[in-house]
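For reference, the structure is listed below as structure tokens.
The values are calculated or read from the model by the stated rules, or taken from the named source; none is laboratory data. Since this is a predicted model, take the numbers as computed values, not measurements. Neighbour counts run over all protein chains shown; Cβ positions are idealised from the backbone, glycine included.
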Amino acid sequence: MIFAYRRSATDAQVVEVDVQPLPGREGLYRVTVGERVFELTEQQVQHLAWHKEAGRITLQYAGREYHILDARQHRGGPPAGAGSAGDLRAPMAGKIIRVLVQPGEHVTAGTPLLILEAMKMEQQITAPQDGVVTRVLCRVGDQVTAGAELVVMEPVPTT
């Protein structure tokens, strides 16, 4: 798995991250972050929790949470192929276990919209801003792939 990130939208430095199994060394992974190289056991890698939404990546490891921006999606404009503001996509493949909103519902930033189960963990998908849910594109029990559009919101204009 290879991706690039920036620490903030204004950070010009792009850092590449590469996570690869080590050939001939079952259960070990090489994690390269920029110029730094780490070896992690399979157990350590399984304790990593990734959540990616709209070019923002949240990494949780060892009780700490790190927020980074996907550099490929932050180059002075909206990400290539991105939907309109407020579209919500699955951060990873998984199963929809709860849908908490319906079309026409007004929500505020942070409101839970649905729960996705992935890798035996529950991922809460929340509203990125205040708005109105215009479409819910999944149902309880649906298997979804990473990047699948789940909910469409119309943002509420700020005054």
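Regarding region 124-132, can at least one residue be identified that is touching a residue at least 12 places away in the same chain (Cβ under 8 Å), among the charged types (D, E, K, R) and not in a loop (DSSP other than H, G, I, E, B)? No.
Could you tell me whether any residue of region 80-102 is surrounded by 14 or more Cβ atoms within 10 Å (Cβ to Cβ), assigned to a loop (DSSP other than H, G, I, E, B) and modelled with pLDDT of 85 or more? Yes, region 80-102 contains a residue that is surrounded by 14 or more Cβ atoms within 10 Å (Cβ to Cβ), assigned to a loop (DSSP other than H, G, I, E, B) and modelled with pLDDT of 85 or more.
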